[in-house]
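The values are calculated or read from the model by the stated rules, or taken from the named source; none is laboratory data. Here the structure is a predicted model, which means the values were calculated and not measured. Counting neighbours? That spans all protein chains shown, and the Cβs are built from the backbone with ideal geometry, glycine included. Ligands, DNA and RNA are stripped out before the accessible areas are found, and what is left, the full protein with its side chains, is counted by its heavy atoms. Shrake-Rupley method; radii C 1.70, N 1.55, O 1.52, S 1.80 Å.
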Amino acid sequence: MKTLLTHLSIVLIILSGHAYAHDPSEHNEKKENPKCEKMKSMDHSKMNSDDPVMQAMMKKCMMEKSMMEKSMHHDENQSEAGPEEEPAEDKAEDEHADHQH
Amino acid sequence: MPSLSAFLKSLILLTVFAFIGGGLFLYSGFYPIGADTPHHPVTYWALETLRERSIARVAKNIDVPADLDSSDRLLAGGADYNDMCAGCHLKPGKLESDFTIGLYPSPPNLNLPEDEHAHSHGPSDSNTNAIKRQFWIIKHGIKASGMPAWGPTHSDERIWNMVAFLQRLPTLSKDQYQILTARGDVEGTHEH
């Protein structure tokens, strides 16, 4: 019984951590987004596409763009799945409770 | 030969007194240990020479990766530099911090070119040595200074990425620095 409770609490702790990890507001707080719009106003006469700094900036901003597009879709999915998320977790709890019997 | 034995005798006596004197000074508490009291110029010179000789000896045999100039290294090293080093070593547009003012020895501003000649084109010999030196310092840190050893917690690759970034840091504008170092959404997705 004791070990079952331990397992149960470990599973619940992991699950709750999972829920936190998916909280989008946390992502926004910690991360600064590259200000790629500034690239347009940079001195183009000094830009050279062979320059690793230039290549790195373009890579970063291209990745950022595709990620933004992807995460926008992701957000849409999430908001649809949003209301279901909590019941899903309850179900997980129930399942584990079943194991106890 | 009485003169030689007299000489040896006084030499031994002198050494003994020097040790006793040193010990007394150590225990007396008269040494000013505060970071806001600079070293005597002779002490400073001795410590700096000790540091540079030590690093030159151990950094000599480090192999520098051939692709140090790659854009991927700049991106990875830039984000790490901004997170872990910019507080002490500054970034474009930031000329001082509590750390640069309060630490002794003070962390050097890594946005300044080390010396104007180090920026010649192509890796000259002295440039390669400077790169090895930086890698060693980042990996092992420097005793009794604020510079931590990052080796125990970071792979050599990650340290090389930061070394790569440091080579370009003095040439970056504020906006270029921001774009290269911002973690944005990209890293977040990799982390999970």
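Quick notes on this structure:
- Qualifying positions in the range B:65-94 - in contact with a helix residue (DSSP H, G or I) (Cβ under 7 Å, 6 or more places away or on another chain), within 13 Å of B:TYR177 (Cβ to Cβ) and within 14 Å of another protein chain (Cβ to nearest Cβ): B:LEU74, B:LEU75, B:GLY77, B:GLY78, B:ALA79, B:TYR81, B:ASN82, B:LYS91, B:PRO92, B:GLY93
- In the range B:111-130, residue modelled with the lowest pLDDT [restricted to those that are open to solvent by 50 Å² or more (accessible area, probe 1.4 Å) and hydroxyl-bearing (Ser, Thr, Tyr)]: B:SER120
- Selection from the range B:32-57 of residues that are under 23 Å from B:GLN134 (Cβ atoms), hydrophobic (A, V, I, L, M, F, W, C) and touching a residue at least 60 places away in the same chain (Cβ under 8 Å): B:ILE55, B:ALA56
- Looking across the range B:84-99, just one residue is at positive phi and either of a type in the set (Gly, Ala, Ser) or assigned to a helix (DSSP H, G or I) (or both), and that is B:GLY93.
- Identity of the residue in the range B:18-48, within 29 Å of the chain's Cα centre (by Cα) and of a type in the set (Ser, Thr, Tyr), that ends up nearest to B:GLY102 (Cα to Cα): B:THR37
- Which listed residue is open to solvent by 70 Å² or more (accessible area, probe 1.4 Å), closer than 30 Å to A:VAL53 by Cβ and of a type in the set (D, E, K, R), from B:ASP67, B:ASP36: B:ASP67
- Residues (exposed (fewer than 11 other Cβ atoms within 10 Å of the Cβ) and closer than 30 Å to B:LEU180 by Cβ) located in the range B:39-64: B:ASP63
- Residue match in the range B:168-178 (condition: within 14 Å of chain A (Cβ to nearest Cβ) and acidic (Asp, Glu)): yes
- Among the residues of this structure, A:GLU64 does not count as one that is in a loop (DSSP other than H, G, I, E, B) and either modelled with pLDDT of 55 or more or farther than 19 Å from B:LEU75 by Cα (or both).
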